[in-house]
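Here the structure is laid out as structure tokens; the discussion comes afterwards.
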Amino acid sequence: MRKLLILVLTAITAVVSSCSQKAPGNQQAPHNFVFVKGGAFVNTKSKYYGQSGLIPDFYVGKYEVTQKEWMDVMGNNPSKFQGSNLPVETVSWYDCIEYCNKRSIKEGLKPYYNIDKNKKDPDNTNNLDDIKWTVTVNKKANGYRLPTAAEWEYAAGGGQASKSYTYSGSNTINDVAWYWQNSGDKYLTGVWSWPVLQNNHNKTKPAGSKKPNELGLYDMSGNVREWCWDWHQPNGTNDPQGRIWQGGGWMGGDFCCVSSFQAGYQANGKAPDQGFRVWRGL
């Protein structure tokens, strides 16, 4: 009986090991990061499904960057809702680019971004953006960075382990996301209303409070919107150029939490539902 039990446990271990994603050379992923094997999109609900391009391997943070992580690097806390394990928010795209470089330097990694604060980016046409730093990348750097929109959706959609969920990790939004209906004192119904959200004390929630997705990533639907690297190009006069955000947030609608949804915001924009997650090179 004892030998049979050992054989069963060995078989289970072998199955689990074969299903797990191994980093190159069987290296351990950095603390609180997940190694994600790249490839083509297998999530049938993704807008990238069926396209020929492949996503490269990467490391991605299990959680949205927390206020503790931000304070350890930047020495301040811009967030409206204070709490060390709450996601940092009210941060612009530029703030996040600076954080990535400063954290890389602090940890002995090569910074991913070249930031020229004295040269206005000629490709930035948004009149609401009064910063317009010129930012370029060191593609071979191993430092922290923001994801491309495609990388973000690939990770949110479960990568090669995807079960083609609508939201990141489930077809039931309340299992995985904090959004306008469930992020306050009581569950809200009816029509979205800002005064109602305020009276209901809606706010961000501690990182990792909901279920993870297939890759073990938390809060990729809801809690705070996450900045991406890519430009969001205008589709009309009421849709100004900005940088893409994805994932939805605590005061947003359920449709924003869909893994394939994306929208734009001027790069200098800040909001109490605007945060980010970091990627790392291999």
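The values are calculated or read from the model by the stated rules, or taken from the named source; none is laboratory data. Keep in mind the model is a prediction, meaning the values are calculated, not measured. Neighbour counts run over all protein chains shown; Cβ positions are idealised from the backbone, glycine included. We work out accessible area using only protein heavy atoms, side chains counted, and drop any ligands, DNA or RNA first. Shrake-Rupley method; radii C 1.70, N 1.55, O 1.52, S 1.80 Å.
For an R0 of 25 angstrom, estimate the FRET efficiency from the Cβ-Cβ distance between Gln28 and Lys139 and round to the nearest 0.05. Intermediate values should be presented prior to the final figure.
Details: r = 24 Å, r/R0 = 0.96.
The calculated FRET efficiency here is 0.55.
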Residues in segment 235-272, backbone N under 19 Å from the label point at Ser193 (7 Å along the Cα-to-beta-carbon vector): list them, ranges by number please.
251-254
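May I ask you to give the solvent-accessible area per residue for segment 203-282, in square angstrom, as obtained with a 1.4 angstrom probe?
Details: 2640 Å² over 80 residues.
Roughly 33 Å² per residue, with all protein chains present.
With a ≥ b ≥ c taken as the square roots of the eigenvalues of the C-alpha gyration tensor of segment 75-177, please select rounded if a/c is under 1.5 and otherwise prolate if a/b is larger than b/c or oblate if it is not?
Numbers: a/c = 1.66, a/b = 1.53, b/c = 1.09.
Prolate shape, in that a/c is at least 1.5 and a/b is the bigger ratio.
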Based on DSSP H runs of at least 4 residues, each adding -39500 (n - 2.57), what is the mean residue ellipticity at 222 nm of the chain after dividing by all its residues, to the nearest 500 deg cm²/dmol?
-6000 deg cm²/dmol
Can you give the FRET efficiency to the nearest 0.05 for Lys37 and Lys211, using r as the Cβ-Cβ distance and R₀ = 22 Å?
0.55
In whole Hz and in residue order, list the ³J(HN,Hα) couplings for segment 97-114 that follow from phi through the Karplus curve 6.51 cos²θ - 1.76 cosθ + 1.60, θ = phi - 60°; x for Gly and Pro.
4, 5, 4, 4, 5, 5, 5, 4, 4, 4, 9, x, 9, 7, x, 7, 10, 9
For a quick check, take a GNM of the chain with Cα springs below 10 Å and name the residue from Ser168, Ser260, Ser104 with the largest mean-square fluctuation.
Ser104
Could you compute the FRET efficiency for Tyr48 and Asn85, with r as their C-beta to C-beta distance and R0 at 30 Å, rounded to 0.05?
0.40
For segment 196-209, take each phi angle, set θ = phi - 60°, evaluate the Karplus expression 6.51 cos²θ - 1.76 cosθ + 1.60, and give the result in whole Hz per residue in order, putting x for glycine and proline.
5, 4, 5, 5, 8, 6, 5, 6, 5, 10, x, 4, x, 7
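Ignoring ligands, DNA and RNA, please state the percent of accessible area on segment 98-214 from carbon and sulfur, probe 1.4 Å.
Carbon plus sulfur share of accessible area: 49 percent.
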Run down the lysines and flag those whose C-alpha is under 22 Å from the C-alpha of Lys47, throwing out any fewer than 8 positions away in its chain.
Lys37, Lys163
